[in-house]
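Structure first, then comments.
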Amino acid sequence: MSTKWFVLVWREKLIGVRIAVSVRVLDYLINQHQFSPEAALKASSAFTYLRNPEKADSVLSFFKECGFSQTHIEHVVKRIPKVLSAKLAVTIKPKIKIFQDLGFAPDDIAEIVYGDPWILTRSAGNQIGPSILVLKSILGSNEDIVRVLKSSGWFLKHDLDKTMMPNIEFLMHCEISSSQIVKYLFNFPRFFLHKPESIQAFVKTVDGMGFDRKSKMFLSAIRTVSSMSEENWELKLELFRSLGFSEKDILDVFRRVPQVFAISERKIKEVKTPSTSFGDSGKEKCA
């Protein structure tokens, strides 16, 4: 028997085994746990073998016991197929228990995990728990925490004592009310996760344009600047100049409706003269 022939035979055998195992995972999810074919196929394509079906059974059963719907479970497994082989007591339960111990309703826990399944990969004691407590100190109720986490799981990825809290304290020092900050937390959550030095730089830019810190549009102006790179900001200023806006006109527009600077070049070019009113169309709903 030649070495080449021997390698080819074993390659075919290994491929055959791999295909068979992958199909078995597909069948397991569909037949044992009523997964849709699309969800099962997605999971099996990433998780090509299942060494311990009993472990997967315990994980999926636990999700059901915790109030997860079939839609919730399929979504979690599609996003993180490796949960099927996770150690339930070590990897899954502690994350769910944190929410349960803090009084979150089963439906809310399921929705939070559905919004960001990667929560299950984070540390319960070092990330999830501390972040929830910080959010509660700002928002007050579990209902509002759920609202924020459903819009962005990023709050459970960061050390909020080093990002969000310093940013909130600095913005309040800039005379922005706590009520406006909370509204922005709901609508633009990732804004508060910038590095504190970045937020301070954005404020410096806005101050440099003569913005009144007591204006209700001040926070909107900061967020607008934060959404653009320095290069894009300069390009946007040049665009306004090319349309005939003087430096005073540009400042007036920015102070009235800062969000205009974040819209597309095409829409800005629809403005024919510096005297054209932008109206209230660009105002953010939480300004």
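The table for this structure:
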quantity: Test: residue in the range 133-146 that is under 25 Å from Phe192 (Cα atoms), surrounded by fewer than 18 Cβ atoms within 10 Å (Cβ to Cβ), touching a helix residue (DSSP H, G or I) at 6+ places or on another chain (Cβ under 6 Å) and among the small types (Gly, Ala, Ser); calculated: no
quantity: Residue among Val77, Val59, Val113 that is in a helix (DSSP H, G or I), farther than 23 Å from Trp154 by Cβ and out of contact with any Pro (no Cβ under 8 Å at 6 or more places or on another chain); calculated: Val59
quantity: Residue match in the range 54-73 (condition: of a type in the set (Gly, Ala, Ser) and touching an Asp or Glu at 6+ places or on another chain (Cβ under 8 Å)); calculated: yes
quantity: Complete set of residues in the range 113-127 that are at pLDDT below 95 and β-branched (Val, Ile, Thr); calculated: Ile119, Thr121
quantity: Failed item in (1) in contact (Cβ under 8 Å) with a residue 12 or more places away in the chain; (2) more than 17 Å from Gln259 (Cβ to Cβ), with Glu169 passing the rest; calculated: (1)
quantity: Within the range 174-244, helices (runs of 4 or more DSSP H) holding 2 or more residues that are touching a Phe, Trp or Tyr at 6+ places or on another chain (Cβ under 7 Å); calculated: 178-187, 196-208, 218-226
quantity: Scope the range 146-163; condition among the charged types (D, E, K, R) and assigned to a loop (DSSP other than H, G, I, E, B); matching residues; calculated: Lys157, Asp159, Asp161, Lys162
quantity: Residues of the range 161-173 satisfying the condition of being crowded, with 17+ Cβ neighbours inside 10 Å and either under 11 Å from Ile222 (Cβ atoms) or touching a Leu at 6+ places or on another chain (Cβ under 8 Å) (or both); calculated: Thr163, Met164, Asn167, Leu171
quantity: Given (1) over 26 Å from Lys269 (Cβ atoms); (2) without any contact (Cβ under 8 Å) to a residue 60 or more places away in the chain, index of the condition Lys216 fails; calculated: (2)
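The values are calculated or read from the model by the stated rules, or taken from the named source; none is laboratory data. All of these numbers come straight from a predicted model, not from anything done at the bench. Because the Cβ atoms are built from the backbone with ideal geometry, glycine has one as well, and the counts that use them run over all protein chains shown.
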